[in-house]
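Peer 1: Take this structure, written in structure tokens, and hold onto it; I'll ask about it next.
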Amino acid sequence: MQTQSVITCPVCHHASAETMPTDACQFFYDCKGCGTRLKPTSGDCCVFCSYGSVPCPPIQQNGKCC
């Protein structure tokens, strides 16, 4: 299981490597480039599934969200 993901802001395209929580989904992320608060897109359980290079650990392990 991968716990590192590069999250890319859809507004300013700033990319940042982040450590994902292994036991929960992360619903909000504040972009370190422009400050935009990211939320999951429709159909995704967390910001890593929407904007990250790797889906969140619960999806990687079970194929479903917490």
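Peer 1: Tally up the residues in the range 9-38 that are assigned to a loop (DSSP other than H, G, I, E, B) and either of a type in the set (A, V, I, L, M, F, W, C) or surrounded by 13 or more Cβ atoms within 10 Å (Cβ to Cβ) (or both), please.
Peer 2: 16
Peer 1: Continuing with this model, one more query. If you scan the range 39-53, which residues turn out to be among the hydroxyl-bearing types (Ser, Thr, Tyr) and assigned to a helix (DSSP H, G or I)? Even if it seems obvious, please write down each step before you answer.
Peer 2: Initial filter on the range 39-53 (among the hydroxyl-bearing types (Ser, Thr, Tyr)): 41-42, 50-51, 53.
Selection gives Ser50, Tyr51.
Peer 1: Exactly one of these conditions fails for Asn62: (1) surrounded by 14 or more Cβ atoms within 10 Å (Cβ to Cβ); (2) within 22 Å of Met1 (Cα to Cα). Give me its number.
Peer 2: For Asn62, the failing item is (1).
Peer 1: In the range 1-35, what count of residues is obtained for those that are in contact (Cβ under 8 Å) with a residue 40 or more places away in the chain and farther than 21 Å from Cys65 by Cβ?
Peer 2: Going through the range 1-35 one residue at a time, the tally reaches 1.
Peer 1: Further question on the same structure: In the range 18-59, what residues are of a type in the set (Ser, Thr, Tyr) and within 21 Å of Gln2 (Cα to Cα)?
Peer 2: Quick first cut of the range 18-59, residues of a type in the set (Ser, Thr, Tyr) only: 19, 22, 29, 36, 41-42, 50-51, 53.
Once the filter is applied, which keeps residues that are of a type in the set (Ser, Thr, Tyr) and within 21 Å of Gln2 (Cα to Cα), the range 18-59 yields Thr19, Thr22, Tyr29, Ser50, Tyr51, Ser53.
Peer 1: Restricting the first residue to the range 36-65 and requiring it to be of a type in the set (Gly, Ala, Ser), which pairs with a second residue that is surrounded by 19 or more Cβ atoms within 10 Å (Cβ to Cβ) meet a Cβ separation below 7 Å and a spacing of at least six or different chains?
Peer 2: Filtered contacts from the range 36-65: Ser50/Pro40; Gly52/Ser5; Gly52/Ile7; Ser53/Ser5.
Since every read-out is calculated from the coordinates, none of them should be taken as a lab result. All values reported here derive from a predicted model rather than from experimental measurement. Don't worry about glycine lacking a Cβ; one is built from the backbone with ideal geometry, like all the others, and counts go over all protein chains shown.
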